[in-house]
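So the structure is just underneath, and the comments pick up after that.
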Amino acid sequence: MTGKLTLAVIPLSGCGGCEVQVLRALALHEDLMERYEIVYWPLVVEETKLPEKVDVAIVEGLVRTRENLEALREARLRSRTLILLGSCAAWGGIGGSADSFNPRLSMKAIYGREGIEESAEMLPRAYAAADLVPVDYIISRCPPPVEHVVLALRAIAEGKKVPVADSTVCSQCPREIKPVEKLEFKPGLPGPNADPKTCFLSQGYLCLGSVTTVGCGAPCTRHGVTCFGCGGPHIEIAERRDMDIVTALAKKVATLAGLDPANDLDKVVDMLLKVYEPRRFYVFTFASQVLRRKPHGYAVHALASTRRDPVFVKRLEERAHFASGEEGL
Amino acid sequence: MPASTVTIRILRERCKKCLNCVRVCTAFDGVFEEGPDGYPVVARPEECVQCLICHTVCPANAIVHENYRVTMLINPDEAIIERYRNMV
């Protein structure tokens, strides 16, 4: 061999944005191109089969079909270091919202029949890749910053450990946190009336920055949009069974308003869930088994409320009816 | 609690000066206090009961408890032997 590490990028059901970030990382940093040799990457090289032994494998996207599952298992078996790239692979991501719908009804709404024999076999639910196989590194966010990809690839090439993110987006956000006089939540996104210098939580808007893992530099809050939590929950929330995104956020807001985080927790959680749909807290983590298994979590509530949403169900049925009518013509 | 074992640090590069830790501390006098520059300071570390509620309410995870609650499993056989040895 040439002394280079072999690199394989395996796309699952995803948009391909994370692959573009890897491409940018390799294009911008020449030292990475000297250390890595791309052996399998459908976007870039013509090789059609994953080699038997790979040093570093990067997996992108979530597991939606049987083919995805086999590709992921193959990647784990044949690679020495497995990196999951992006929110989809780590937490289910936007694609995890597919769990809101019945897959057979969705197929009917789009194609007019429940299944297509010659197409890929759909799994009954969407899985985050991190729930299915043991992994070495997770680079979350949607899309993952180029710097993180570079840091991880460089550290692996040098045989070092990659530092763990143990803070939240708040630590990089320039907005000033002020105590809340009267606890109330405003639905929707902040408009032009919102104060550009004050924290969104202090103003009563829902911002997930205080429960989301650090690493982006808080570009959304700098530009006046609340954090949607694309990085996934903070490591302490993911690890501890008694914590969840909703309860952790409610504790922080309750303390800002001068309430007791232990005794008034239920009150604040009720207020939050009255104003916002439960799925608003799990935009990027809807398919993650980590959050669905929390005993005091609301991810399963979010799933149930979305599946029973009459507007969603009615729209799907209408579309299914329309699709079948089209085919009959 | 043995005050000498636990060291509380506030990481200033992360701290957002929200003073949630000052509001929430369950110790009688409160471990944290607002400093002159707006950052919280660890005024009474010997009061800390290590409930770690300040960790859960800090929006930026800026509080670090070093040497937190060192748990040791004692060997019961050794302890019993020691007890009987003292009795005899």
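The values are calculated or read from the model by the stated rules, or taken from the named source; none is laboratory data. Just so it is clear, the model here is predicted, and its values are computed rather than measured. Positions of Cβ are backbone-derived with ideal geometry, glycine not excepted, and every protein chain shown enters the neighbour counts. The protein model used for the area step is the full one, side chains on, heavy atoms only, and it has no ligands, DNA or RNA in it. Shrake-Rupley method; radii C 1.70, N 1.55, O 1.52, S 1.80 Å.
Some points to look at:
- Test: A:ARG73 is surrounded by fewer than 18 Cβ atoms within 10 Å (Cβ to Cβ) and touching an Asp or Glu at 6+ places or on another chain (Cβ under 6 Å): no
- Scanning the stretch A:85-94 for residues that are buried (at least 24 other Cβ atoms within 10 Å of the Cβ) and assigned to a helix (DSSP H, G or I) returns A:GLY86, A:SER87, A:CYS88, A:ALA89, A:ALA90, A:TRP91.
- When the stretch A:256-276 is filtered for residues that are open to solvent by 30 Å² or more (accessible area, probe 1.4 Å), assigned to a loop (DSSP other than H, G, I, E, B) and more than 14 Å from chain B (Cβ to nearest Cβ), nothing remains.
- Test: residue in the stretch A:302-311 that is open to solvent by 60 Å² or more (accessible area, probe 1.4 Å) and either under 28 Å from B:ARG23 (Cβ atoms) or part of a loop (DSSP other than H, G, I, E, B) (or both): yes
- The residue of the stretch A:33-54 that is nearest to the chain's Cα centre (by Cα), among those that are among the aliphatic types (A, V, I, L, M) and farther than 11 Å from A:THR6 by Cβ, is A:LEU43.
- Within the stretch A:214-239, considering residues that are outside any loop (DSSP other than H, G, I, E, B) and within 11 Å of another protein chain (Cβ to nearest Cβ), the one nearest to A:TYR282 (Cα to Cα): A:ILE237
- For beta carbons closer than 9 Å, sequence separation of 6+ or different chains, a first residue in the stretch A:128-141 that is touching a residue at least 40 places away in the same chain (Cβ under 8 Å) and a second that is open to solvent by 40 Å² or more (accessible area, probe 1.4 Å) and part of a strand (DSSP E or B), the qualifying pairs are A:ALA130/A:ILE138; A:ASP136/A:ARG80.
- Exactly one residue out of A:VAL253, A:VAL211 is within 10 Å of chain B (Cβ to nearest Cβ), open to solvent by less than 20 Å² (accessible area, probe 1.4 Å), of a type in the set (A, V, I, L, M) and in contact with a strand residue (DSSP E or B) (Cβ under 8 Å, 6 or more places away or on another chain), and it is A:VAL211.
- Of the criteria (1) within 10 Å of another protein chain (Cβ to nearest Cβ); (2) in contact with a Pro (Cβ under 9 Å, 6 or more places away or on another chain), which one B:THR26 fails: (2)
- Residue match in the stretch A:36-58 (condition: within 26 Å of A:PHE228 (Cα to Cα) and either surrounded by 14 or more Cβ atoms within 10 Å (Cβ to Cβ) or touching a Phe, Trp or Tyr at 6+ places or on another chain (Cβ under 8 Å) (or both)): yes
- Qualifying positions in the stretch A:2-22 - of a type outside the set (A, V, I, L, M, F, W, C) and open to solvent by 30 Å² or more (accessible area, probe 1.4 Å): A:THR2, A:GLY3, A:LYS4, A:PRO11, A:SER13, A:GLY14
- So A:ARG279, is it of a type outside the set (Asp, Glu) and modelled with pLDDT under 90: yes
- Candidate set: the stretch B:49-60, residues that are at pLDDT 90 or above and not β-branched (Val, Ile, Thr); chosen: the one nearest to A:ILE245 (Cα to Cα): B:PRO59
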